[in-house]
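*Asks:* This is the structure I have questions about; it appears just below.
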Amino acid sequence: MYIILLLATFGHTQNVLMKESIHSFTVEDIDGKPFAFSSLKGKKLMIVNTASKCGLTPQYEKLEALYQKHKDDDFVIIGFPANNFLWQEPGSNQDIKDFCAVNYGVSFPMMAKISVKGKKQHPIYKFLTKKQENGVKDSSVSWNFQKYLLDENGYLVDVLSPRTQPDDTKVLNWINGNTP
C-alpha cells in the first residue's frame, strides 16, 4: 500500500514515502455488502471505531448530529464497530445496527465489526495507523471512538483522541475548509 521512490539529485539518494489513498479499499458494511471507499472521492471523511457498551458511546448522538448537519457539504462519517477494548462491542452486526438505530438514530454508514488493533487488525486500520501505508504518521488506536480525518482525496490528515468530541472546534474548522 505504499511506494518508495529513490531520487537521485546531485549524487544524493533520498527515500520519499508517497501517500496512499483510502480510496483503494473495499470493506464489508454492517449488512454484509461491499462498500467501496472509491465511492467517497471528493468527500472529507471521519472514520471512527465504535462500541455500544462504552462510556463514550453517547458520542453516537453528536456523530449523528454532525453527519446530519454536514452530509450535504461533502462530509461522511464511517463507523467501524470493534470489540478490542474490554469487550465493549460484544454483539453481532445486526445487534449493533439495531442498537445504533433505536438509541441514536444513526444514519451514517456503519461497517461490519472488525478488529482495529493487534494480530487480527483489519487492513483499513493498518492503513490508518501505519505511516508506511498512509504516508503521514504512525498512530495506535487507544480506545473506542478514536477519530481519523481524511481529505477529499482519501489522504490521512489527522488523528483525534477518543475523548475529542465530534463537534469540537478543530473538527468543525476542518470540515469548513480550515486545517485541523
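Coordinate-derived values only; no laboratory data. Remember, it's a predicted structure, so these values are computed and weren't measured experimentally. Glycine also receives a Cβ, built like all others from the backbone with ideal geometry; neighbour counts cover every protein chain displayed.
*Asks:* Shape of segment 87-180 from its Cα gyration tensor (a ≥ b ≥ c, root eigenvalues): rounded if a/c is under 1.5, otherwise prolate when a/b > b/c, or oblate?
*Replies:* Note, shape of segment 87-180 comes out oblate.
*Asks:* Return the sequence-ordered ³J(HN,Hα) values of segment 71-81 in whole Hz as given by the Karplus equation 6.51 cos²θ - 1.76 cosθ + 1.60 applied to θ = phi - 60°, using x for Gly and Pro.
*Replies:* Couplings: 5, 8, 9, 6, 10, 9, 9, 10, x, 10, x Hz.
*Asks:* Efficiency by 1/(1 + (r/R0)^6): what FRET value for residue 140 and residue 115, r their Cβ-Cβ distance, R0 = 22 Å, to the nearest 0.05?
*Replies:* The pair residue 140/residue 115 has a calculated efficiency of 0.95.
*Asks:* Which residues' amide hydrogens lie under 5 Å from the amide hydrogen of residue 106, considering only partners 5 or more residues apart or on another chain, with H built in the peptide plane?
*Replies:* Those qualifying (amide H under 5 Å, at least 5 residues apart or on another chain) are 101.
*Asks:* Once phi is turned into θ = phi - 60°, what whole-Hz ³J(HN,Hα) does the Karplus curve with 6.51, -1.76 and 1.60 give for every residue of segment 87-92, x standing for Gly and Pro?
*Replies:* For segment 87-92, the Karplus-derived couplings read 6, 8, 9, x, x, 6 Hz, x marking Gly and Pro.
*Asks:* Relative contact order of the chain: what whole-number percent is it, with Cα pairs under 8 angstrom and at least 6 residues apart?
*Replies:* Relative contact order, the chain: 27 percent.
*Asks:* Ok, one more. Skipping prolines and chain starts, which residues have an amide H placed within reach, meaning under 5 Å, of the one on residue 28, given they are 5 or more residues away or on another chain?
*Replies:* When sequence neighbours closer than 5 places are left aside, the close amide H contacts are 35, 112.
*Asks:* Relative to the longest principal axis of the C-alpha atoms of the chain, give the angle of the C-alpha long axis of helix 59-70, reported between 0 and 90° and rounded to the nearest 10°.
*Replies:* 70
*Asks:* Step through the residues of segment 119-133 one at a time and calculate ³J(HN,Hα) from phi using the Karplus curve (6.51 cos²θ - 1.76 cosθ + 1.60, θ = phi - 60°), rounding each to whole Hz and writing x for Gly and Pro.
*Replies:* Whole-Hz 3J(HN,Hα) from phi for segment 119-133: 5, 9, 4, 5, x, 5, 7, 5, 4, 5, 9, 10, 4, 5, 9.
*Asks:* On to the next question. Give the peptides 41-54, 94-107 in descending order of average Cβ contacts within 10 Å, highest first.
*Replies:* Details: 41-54: 20.4, 94-107: 15.7.
Descending packing order for the listed peptides: 41-54, 94-107.
*Asks:* 5 Å is the cut-off here: which amide hydrogens, built 1.01 Å from N in the peptide plane, fall below it relative to residue 50, excluding neighbours closer than 5 in sequence?
*Replies:* Under 5 Å from the amide H of residue 50 lie the amide H atoms of 80, 82, 145, each far enough along the sequence or on another chain.
*Asks:* Right, here's the next one. Between residue 39 and residue 164, how many nm apart are label points set 7 Å from Cα along the C-beta direction?
*Replies:* 2.7
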